[in-house]
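Here is the structure we will look at.
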Amino acid sequence: MSDANDAQMRKGLVSLSVLAVLAQEEAYGYAIVQQLERRRGLEFKESSIYLALGRLSKEGLVASRTVKSPSGPRRRYYQLTPQGKRHLRDLRERWQLLSTAVSSLLTEVDDE
């Protein structure tokens, strides 16, 4: 796959991935990056995560609070809002439907 194709597919996954991490627990930006890096294929640039967090905040899907860090600068912790939880539920349903359909289609492809 070309780098351009990979980048386009991954771009659409950033927000979904961030929301999924925040559905598990409140987290600050770098902790989200680290959680995603543990999953092969979800290694996003740190800047992409922060851009997504800003966009999700503006859309009212995540809320943030700033906490003084014992070792360095203050950290902004993010959590899902009720609207964010509903949005994630909708995205998850659409992702499962799309993923199942594409997987089914790809099993029919002849690799020659």
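Within the range 40-57, if we keep just the residues that are among the basic types (Lys, Arg) and without any contact (Cβ under 8 Å) to a residue 12 or more places away in the chain, the residue that is nearest to Gly84 (Cα to Cα) turns out to be Lys45. Residues considered: Gly29, Gly60, Gly54, Gly72. Of these, the only one that is over 16 Å from the mean Cα position of the chain (by Cα) and over 22 Å from Gln96 (Cβ atoms) is Gly72. Yes or no: the range 10-18 includes at least one residue that is over 16 Å from Leu88 (Cα atoms) and either touching a residue at least 40 places away in the same chain (Cβ under 8 Å) or surrounded by 14 or more Cβ atoms within 10 Å (Cβ to Cβ) (or both). So far as the range 10-18 goes, yes, one or more of its residues are over 16 Å from Leu88 (Cα atoms) and either touching a residue at least 40 places away in the same chain (Cβ under 8 Å) or surrounded by 14 or more Cβ atoms within 10 Å (Cβ to Cβ) (or both). Only one of the numbered conditions (1) under 22 Å from Gly12 (Cβ atoms); (2) among the β-branched types (Val, Ile, Thr); (3) surrounded by fewer than 16 Cβ atoms within 10 Å (Cβ to Cβ) is violated by Val62, and that is (3).
Table: residues versus (1) of a type in the set (A, V, I, L, M, F, W, C); (2) assigned to a helix (DSSP H, G or I); (3) on the phi > 0 side of the Ramachandran plot.
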site	(1), (2), (3)
Ile32	yes, yes, no
Glu43	no, no, no
Ala52	yes, yes, no
Ser57	no, yes, no
Arg65	no, no, no
Pro70	no, no, no
Arg76	no, no, no
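Would you confirm whether or not the range 1-10 contains a residue that is not basic (Lys, Arg) and not in a helix (DSSP H, G or I)? Yes: one or more hits.
Determine if the range 76-84 includes at least one residue that is surrounded by fewer than 19 Cβ atoms within 10 Å (Cβ to Cβ), modelled with pLDDT under 95 and touching a Lys or Arg at 6+ places or on another chain (Cβ under 6 Å). Within the range 76-84, none of the residues are surrounded by fewer than 19 Cβ atoms within 10 Å (Cβ to Cβ), modelled with pLDDT under 95 and touching a Lys or Arg at 6+ places or on another chain (Cβ under 6 Å). Residues being buried (at least 18 other Cβ atoms within 10 Å of the Cβ) and without any contact (Cβ under 8 Å) to a residue 40 or more places away in the chain: count how many of those fall in the range 19-39. Here the count works out to 4. Taken as a whole, the structure places Ser48 among residues that are within 12 Å of the chain's Cα centre (by Cα) and either assigned to a strand (DSSP E or B) or of a type in the set (Gly, Ala, Ser) (or both).
The values are calculated or read from the model by the stated rules, or taken from the named source; none is laboratory data. Treat the numbers as computed from the prediction; the structure is a model and nothing was measured. Methodologically, a virtual Cβ is constructed for each residue, glycine included, from the backbone with ideal geometry; neighbour enumeration extends over all protein chains shown.
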